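See structure below.
The values are calculated or read from the model by the stated rules, or taken from the named source; none is laboratory data. Nothing here was measured: the structure is a model prediction, and the numbers come from that model. Ideal geometry is used to build each Cβ from the backbone, glycine not excepted, and the neighbour counts take in all protein chains shown. Surface accessibility is based on the protein's heavy atoms, side chains included, excluding ligands, DNA and RNA. Shrake-Rupley method; radii C 1.70, N 1.55, O 1.52, S 1.80 Å.
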Amino acid sequence: MDDFTRPYWDAAAEGRLLLRRCRAEGCGAAHHYPREFCPYCWSEDVGWEPATGRATLYTWSVVHRNDLPPFGDRVPYVAAVVDLAEGPRMMTEITDCPEPELRIGMPLVVHFRGVEEGGGEGIGEAEGKGGAEAAAMAVPVFRPA
């Protein structure tokens, strides 16, 4: 987290997903991951906007081995790319769905996994956590809608 991405992480801690959208005339494209410029037209006239939290599954892979904390304690898990309703693709994780039930194009909805700064993890919704004063972050992940 830095000063530029703080609004994104603060919103996530409140259970909201933000995107960046270009405000340049003739562009208007939404993008993710957050950048200070539009990756389509290079305009610096971009701002934050709330996302619906809806997506469809584009592709996935089941990770059976990952030695990096905290992922090693979660294997196997589903790493995925989703198409957000607003247009951008996003790398994420699919939760609450057995791998055999995954289908390309299946509707998904965002929820948030709490991650304490310093690498520790707390599983669950990021409800009631104050962004600036909390010693935790929340990471957007997706599950079936």
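Quick notes on this one:
- Check on residue 89, within 11 Å of the chain's Cα centre (by Cα), open to solvent by 40 Å² or more (accessible area, probe 1.4 Å) and within 18 Å of residue 140 (Cα to Cα): yes
- Boolean, residue 80 is touching a strand residue (DSSP E or B) at 6+ places or on another chain (Cβ under 6 Å), surrounded by 12 or more Cβ atoms within 10 Å (Cβ to Cβ), under 21 Å from residue 15 (Cβ atoms) and at pLDDT below 95: no
Let's see how each residue does on (1) farther than 14 Å from residue 89 by Cβ; (2) modelled with pLDDT under 95; (3) polar (S, T, N, Q):
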site: 48; (1), (2), (3): yes, no, no
site: 53; (1), (2), (3): yes, no, no
site: 57; (1), (2), (3): no, no, no
site: 61; (1), (2), (3): yes, no, yes
site: 75; (1), (2), (3): yes, yes, no
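- Pairs with Cβ under 7 Å, 6+ apart, first in segment 13-30 and part of a loop (DSSP other than H, G, I, E, B), second among the hydroxyl-bearing types (Ser, Thr, Tyr): 24/43; 27/40; 27/43; 29/40
- Any hit, segment 67-74, residues being closer than 15 Å to residue 111 by Cβ and either of a type in the set (D, E, K, R) or in contact with a Gly (Cβ under 7 Å, 6 or more places away or on another chain) (or both): no
- For residue 59: the one exception among (1) of a type in the set (Val, Ile, Thr); (2) over 26 Å from residue 113 (Cβ atoms); (3) out of contact with any Cys (no Cβ under 8 Å at 6 or more places or on another chain): (2)
- Among the residues of segment 34-69, the ones that are in contact (Cβ under 8 Å) with a residue 24 or more places away in the chain, in a loop (DSSP other than H, G, I, E, B) and open to solvent by 30 Å² or more (accessible area, probe 1.4 Å) come to 3 in all.
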